[in-house]
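Below you'll find the structure, written out as structure tokens, and then a few comments.
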Amino acid sequence: QVQLVESGGGFVQAGGSLRLSCAASGRTFSSYAMGWFRQSPGKEREFVAAISWSGGSTYYADSVKGRFTISRDNAKNTVNLQMNSLKPEDTAVYYCAADLFGRRPTVVDVYDYWGQGTQVTVSS
């Protein structure tokens, strides 16, 4: 069982930066691949970034590649999403998620545990 709590969301102007954090409970955090997803009103939840259990592999949506960086600290049970050069279209609720197997990191349905989400709003 893993419980996830996101933090770090907020309001920022276009071109600005935010750093999201996800704190996980449970002793088996290092066994899980971790992902960040986002959802805007009226849209389906979409993949943003993912990282393997060891941190050795990372994956990004094309829309955020080069602007966002995912990282994890297994000693602290945290996964972070550094978001730079933010755009109004990045506005969404951002969710942290955990996947035990990590075989399809970009697919929403394979993730086993989800946080409650944190709002990110980017003004133009």
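The values are calculated or read from the model by the stated rules, or taken from the named source; none is laboratory data. Being a predicted model, the structure only gives us computed values, none of them experimental. Every residue, glycine as well, gets a Cβ built from its backbone with ideal geometry; the counts of neighbours run over all protein chains shown. Surface accessibility is based on the protein's heavy atoms, side chains included, excluding ligands, DNA and RNA. Shrake-Rupley method; radii C 1.70, N 1.55, O 1.52, S 1.80 Å.
Only one of the numbered conditions (1) within 11 Å of the chain's Cα centre (by Cα); (2) of a type in the set (S, T, Y); (3) under 19 Å from Q119 (Cβ atoms); (4) open to solvent by 60 Å² or more (accessible area, probe 1.4 Å) is violated by Y95, and that is (4).
Taking the condition in contact (Cβ under 8 Å) with a residue 24 or more places away in the chain, open to solvent by 20 Å² or more (accessible area, probe 1.4 Å), farther than 19 Å from V5 by Cβ and not in a loop (DSSP other than H, G, I, E, B), does Y59 pass? In short, yes. R104 falls short on exactly one of the conditions (1) surrounded by fewer than 19 Cβ atoms within 10 Å (Cβ to Cβ); (2) in contact (Cβ under 8 Å) with a residue 40 or more places away in the chain; (3) in contact with a helix residue (DSSP H, G or I) (Cβ under 7 Å, 6 or more places away or on another chain), and that condition is (2). If you go through segment 63-92 and pick out every residue that is within 17 Å of S40 (Cβ to Cβ), acidic (D, E) and open to solvent by 50 Å² or more (accessible area, probe 1.4 Å), you end up with 1. Would you be able to say whether some residue in segment 49-56 is of a type in the set (F, W, Y), over 24 Å from V122 (Cα atoms), open to solvent by 60 Å² or more (accessible area, probe 1.4 Å) and not in a strand (DSSP E or B)? Looking for residues that are of a type in the set (F, W, Y), over 24 Å from V122 (Cα atoms), open to solvent by 60 Å² or more (accessible area, probe 1.4 Å) and not in a strand (DSSP E or B), one finds at least one in segment 49-56, hence yes. In segment 25-36, the condition of being within 12 Å of the chain's Cα centre (by Cα) and open to solvent by 50 Å² or more (accessible area, probe 1.4 Å) is met by no residue.
Look at segment 36-50: where a residue is among the basic types (K, R) and a partner is part of a loop (DSSP other than H, G, I, E, B) and open to solvent by 10 Å² or more (accessible area, probe 1.4 Å), sitting 6+ places away or on another chain with Cβ atoms under 9 Å, you get R38/R45; R38/T91; R38/G117.
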